[in-house]
Amino acid sequence: MEFGVLGPVVGWDVGLVDLKGPRHRAVLGRLIVARGRVVPVEVLIGDLWTVPPAGALSAVRTFVAALRRAIEPDRAPRTPPRLLITSGPGYALKTENVDAWRFEAAVRASLPAEELLPELLSALALWRGPAYAEFADEGWALAERKRLTELRLRAVERVAEARLALGRAADAVPELDAHVTEHPWREDAWRLLALALYRGGRQGDALAVLRRARETLVSQLGVDPSPTLARLETDILNQDSHLALPARVESGGVWEEAAAVYGRVVGGSRARIESSVGLLRSLAVTGGGGLAAARRHRLAAVVAAEELGDPDLTARVIGAYDVPAIWTRSDDEAQAAAIVAAAERVLPTQDHPSIRARLLATIALESRGSREAPRLDEPRLDGPRLVGQRRVSASRAREAALEAEELARGLDDPMLLAFALNGVFMQTCYRSGLAPQRAAIGTELVALSQRHNLFTYEVLGHLISMQAACATADHTRADEHAQAADALAVRHEFPLVAVFTRWYAALREDTPESYRAAASLLDDAGMPGLSDGLLPLALAAHAVRHGEPIPVADYGPHTRGMHGSPPPGLLLEAYWALTVHQARQSGDLRLLAKAQAALAPAADEEAAGSGLLTLGPVADYLD
């Protein structure tokens, strides 16, 4: 259970939790403000009512009881609550899962600029509106609202500082310009804006900003600029060496420099934000460094669009990043959650089927690996579900994928249909035995892409088909698709394709040496969602296949999947096969039965649907 106060007070588990009326939310908000300390009942009553009614004490108890049912729905009768506890004269909320606290930790973090920037952007994306939005006039919320608002302003300035430290001065200008316009008393923001303009080759604009800062401070606050601002003006006039642009970070390299020039040419922040997504799409397929840089700038573009308060722009920025995705685990789950939340926020404002399809496909793609998947016959949900800053449920993600596909099939837009099919593919791993469905998606993508020259999606279609053929042990067909993907990658310079085809070759050889050789390609791939723990997992699968003990190793994100709690994804059958093996070794009949039931739909397949490693025929694990 998580709680959100950076906007209206909410709670969410899989989706939003029904917190009943405003008094219930007020009690929850007041307890969150207390940060785990006990709030006496008398204090709650005084905070809830200016003139408490006769039944105030009973009402508070009723509110607390209703909140407990909402936030701990599975608590057995007559067992003590774990979250909203009674202690002495009052109540306390025992949790660390509050968006405001995660936000505060990110703002106060001491990290290198390249690590701090994505942390801050993800933290700023947690905001859904003013803190404790519906309690703006309540005395108990006033100090905390002010504190969080100040932290948010500081976070914007720390983002600018990080961008300047990384040599991305042009990226910092639009947000800082809006920031000083809205908050003209913040001298550090004026300093950062002038410095960003100067480092972006705009010395005249930098001096004009400092003059505007002086005029604003004198006319509105009656104070002169600080010595720091005055000294900066002198240093800019003298072109002092300490103002020089720092060395650019390696990732992004030439593209970063081109983007800075591009930003000056395009002009307005809206045009720049929207058109920059095209650059990011191209950057994402250029290699590991480019993919990592694109991932980092993508969230920044979404956040910048939202901060402009333009839902149409935000929807276009989110939906324009239609980069094909093949792996079913996110490279950055926090960023994926932020993008999904932004897409869900803007979706209700969009009526055009093309824009809606792109937003829905984005939700499906970025929710890869979500748990609690639906059945095929599960009824569709009624409309979009607003979510907090976290991954949506698997049922919502699959619903989004199917709706995106339905909308795309009604439009004459091959690229949009390919994007929607990619989202459907990502949500076709929620149970075992679904390789035929993925094979059909791969076949359609290849045919669609060949008709319309969609090279990146043609590669995706071949890789999906290669994976699906592995699941049926049709290695002749898998070889053909791997070779076709490699040929396209060479012709169109898609270096990341070789990661997947080389791992497929390792699967065919199925030796520890082949897996280790394939793992060497992961070092610079920029895909931690794929690389983390993959080599140990492949070696474990090889050991099981050859009757050897599973090596003791750090399996990273695969640890839970190997022990009976696998997430949806292309490794699902492999996880369950490993679980069966270990349940047999330990004699855990309950876990063995659970794993065999999960594997049963794939009885005629191989535990090799990832195209990366194999545990052989699923039937071997169903004895």
Sorted list, accessible surface of protein heavy atoms, 1.4 Å probe, largest first, for Asp312, Asp413, Asp554 is Asp554, Asp312, Asp413
Equivalent ellipsoid semi-axes for the chain, as square roots of 5 times the alpha carbon gyration tensor eigenvalues: give them largest first, rounded to whole Å.
44, 35, 22
In whole Hz, what ³J(HN,Hα) sequence does the range 549-555 give by Karplus (6.51, -1.76, 1.60; θ = phi - 60°), x for Gly and Pro?
x, 5, x, 7, 7, 8, 8
Treating the beta-carbon of each Lys and Arg as +1 and of each Asp and Glu as -1, no other charges, what is the dipole magnitude of the range 135-247 about its Cα centre, to the nearest 20 debye?
200 debye
Inter-site label distance for Ser282 and Asp523 at 7 Å from Cα along Cβ, in nm
3.0 nm
About the Cα centre of the chain, how large is the charge dipole given +1 on each Lys and Arg Cβ and -1 on each Asp and Glu Cβ? Please answer in debye to the nearest 20.
1700 debye
Each label sits 7 Å from Cα toward the beta-carbon; between Glu134 and Ala165 the label points are separated, in nm, by 3.9 nm
For Glu444 paired with Val552, estimate the spin-label separation in nm (one decimal), with each label point 7 Å from Cα along the Cα-to-Cβ line.
4.9 nm
Compute the separation of the alpha-carbon centres of the range 534-552 and the range 188-207 and state it in Å as a whole number.
56 Å
Among Ala541, Phe494, Ala469, pick out the residue whose Cα is farthest towards the positive end of the charge dipole of the range 454-549, where Lys and Arg carry +1 and Asp and Glu carry -1 on C-beta, about the Cα centre.
Ala469
Rounded, prolate or oblate: pick one for the range 83-132, where a ≥ b ≥ c are the square roots of the eigenvalues of its C-alpha gyration tensor, a/c under 1.5 means rounded, and failing that, prolate if a/b is larger than b/c, else oblate.
prolate
So if I take the centroid of the Cα atoms in the range 119-179 and the same for the range 409-455, what is the distance between those two points in Å?
39 Å
So the FRET efficiency between Ala105 and Arg214, C-beta based with R0 = 30 Å and rounded to 0.05, is 0.25
How many Å² of accessible area per residue for the chain, probe 1.4 Å?
42 Å²
Percent carbon-and-sulfur accessible area, the range 22-145, ignoring ligands, DNA and RNA, probe 1.4 Å
54 percent
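Considering only protein heavy atoms and a probe of 1.4 Å, how much of the accessible area of the range 470-611 is carbon and sulfur, as a whole percent? If you can, show how the numbers build up before the last one.
Details: 3260 of 6170 Å².
C and S atoms contribute 53 percent here.
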Select from the chain the helices, each a whole stretch of DSSP H, whose alpha-carbon atoms run 30 Å or more along the helix axis and whose Kyte-Doolittle mean is at least -1.0; answer none if there are none.
139-165
Hey, what's the Cα Rg ratio for the range 390-436 versus the globular rule of thumb, 2.2 N^0.38 Å?
1.21
Restricting to Cα pairs below 8 Å that are 6+ residues apart, what does the relative contact order work out to for the chain? Please round to a whole percent.
10 percent
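Over the Cα atoms of the range 437-595, compute the convex hull volume and normalise it per residue, giving Å³.
About 118 Å³ per residue, rounded to a whole number.
The values are calculated or read from the model by the stated rules, or taken from the named source; none is laboratory data. This is a predicted model, so every value here is computed, not measured. Glycine also receives a Cβ, built like all others from the backbone with ideal geometry; neighbour counts cover every protein chain displayed. Calculation scope for accessible area: heavy atoms of the full protein, side chains included, ligands and nucleic acids excluded. Shrake-Rupley method; radii C 1.70, N 1.55, O 1.52, S 1.80 Å.
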